[in-house]
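Novice: Sharing a structure here in structure tokens format.
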Amino acid sequence: MKNPDRATVSRLVDLPNIGKTIANDLQLIGIDHPRKLIGKDPFNLYRELCTTSGKMHDPCVIDVFISAVHFMEGGKPLPWWSFTDERKKHMAYSISPISVEDCESIIDIFNYYVENSFAAYPENKLPYQAFDMFLQMSNGFPTGTIKDQNGKIVGFGMLRTHNLMPAFSQTAEATYFIHPNFTGKGLGRMLLDYLEKGAVEKGITNILASISSLNPHSIKFHQKNGFTECGRFRKVGKKKGRQFDTVWMQKML
């Protein structure tokens with residue numbers, strides 16, 4: 001198994017599981033250096049490859065892409081088939097725009113984070129009627145619910161306006177939550193990619209995220225997915241008796 005130095009490797013064919021054919025496929029979609037794999041979604045790379053080449057490729061190509069991204073992001077060099085189960089699990093989920101039928105599932109997920117974390121700012125659980133507020137906030141922006149193969153909602157996300165002034169029409173704020181039993185499966189990244197695609201289609205060039213300083217997992221998630229900290233308001237929030245900063249992170253599309 002190839003195991004090059006990540007800091008100096010410059011050729012795609014030197015990466016684990018990457019041969020000339022896959023290297024050519026990656027170059028076809030603009031990945032011409034190993035470093036460009038960092039922060040990429042392997043599933044999006046596969047979809048882009050199929051679209052650009054005009055043909056469907058073997059899904060096992062996704063396994064190879066996962067292995068390459070995994071390695072460049074600090075993982076051990078592993079054979080591509082080590083990622084087959086991850087690919088199959090991921091492909092068992094689908095995303096569709098939020099609808100009124102999703103009300104209770106979405107509020108239940110949100111309320112879990114209200115009660116058990118600093119990821120959601122409210123002190124107390126929201127009633128189901130608050131779902132109307134979510135719909136109003138995201139009106140005209142991309143939204144999505146993630147469902148498993150049985151139709152169960154396991155996560156949701158939305159973009160919303162950052163500022164009502166027309167001067168800020170190219171900027172949106174992001175919100176997303178994954179059911180606690182389904183975290184660590186790549187669904188957050190899947191949902192973010194879905195929202196980003198919708199944002200680009202609407203001409204949005206900047207996505208912002210407001211994160212509690214007491215929520216380090218979210219900060220790390222955003223850093224890993226191309227966001228950088230662009231500002232911080234210190235000790236402006238208080239929940240469960242604890243003060244926190246709001247950390248603003250930004251991704252330019």
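Bear in mind that the values in this text are calculations on the coordinates, not laboratory data. These numbers come from a predicted model, not from an experiment. We place every Cβ from the backbone using ideal geometry, glycine too, and count neighbours over all the protein chains shown.
Novice: In degrees from 0 to 90, rounded to the nearest 10, what is the angle of the helix 103-116 Cα long axis to the longest principal axis of the chain?
Specialist: 90
Novice: Counting only other residues whose beta carbon sits under 10 Å from that of residue 9, what net charge do I get with K and R as +1, D and E as -1?
Specialist: Spelling it out: positives minus negatives among the neighbours equals +2.
Novice: Helix-only estimate, please: 222 nm mean residue ellipticity of the chain, summing -39500 (n - 2.57) across DSSP H runs of length 4 or more and dividing by its residues, to the nearest 500.
Specialist: Result for the chain: -10000 deg cm²/dmol, rounded to the nearest 500.
Novice: Right, another one. Test of understanding: ordering 108, 25 by Cβ neighbours within 10 Å, fewest first, what list do you get?
Specialist: Ranking 108, 25 by Cβ neighbours within 10 Å, fewest first, gives 108, 25.
Novice: Sort all Cα-Cα distances of the stretch 94-252 into consecutive 10 angstrom bins from zero, then give the percent of pairs in each bin up to the one containing the longest distance.
Specialist: The distribution over the stretch 94-252 is 10, 40, 40, 9, 0, given as percents.
Novice: What's the local net charge at residue 140, with K and R +1, D and E -1, over the other residues with C-beta under 14 Å away?
Specialist: Around residue 140, the surrounding residues sum to 0.
Novice: Which angle from 0 to 90°, rounded to the nearest 10, does the C-alpha axis of helix 60-72 make with the longest principal axis of the chain?
Specialist: 80
Novice: I would also like to ask the following. Can you tell which of 57, 46, 23 lies farthest toward the positive end of the dipole of the stretch 1-129, using +1 and -1 charges on the Cβ of basic and acidic side chains (Lys, Arg; Asp, Glu)?
Specialist: Working it through, the farthest residue towards the positive pole turns out to be 23.
Novice: Right, another one. Is the C-alpha gyration tensor of the stretch 12-90 telling us rounded, prolate or oblate? Criteria: a/c under 1.5 is rounded; beyond that, a/b larger than b/c is prolate, otherwise oblate.
Specialist: Oblate.
Novice: Also, quick follow-up: Could the peptides 149-161, 186-198, 73-85 be put in order, highest first, of the mean number of other beta-carbon atoms found within 10 Å of their residues?
Specialist: Descending mean neighbour count gives 186-198, 149-161, 73-85.
Novice: Around residue 62, what is the net charge, scoring Lys/Arg as +1 and Asp/Glu as -1 over all other residues with Cβ under 13 Å from its Cβ?
Specialist: The answer is -2.
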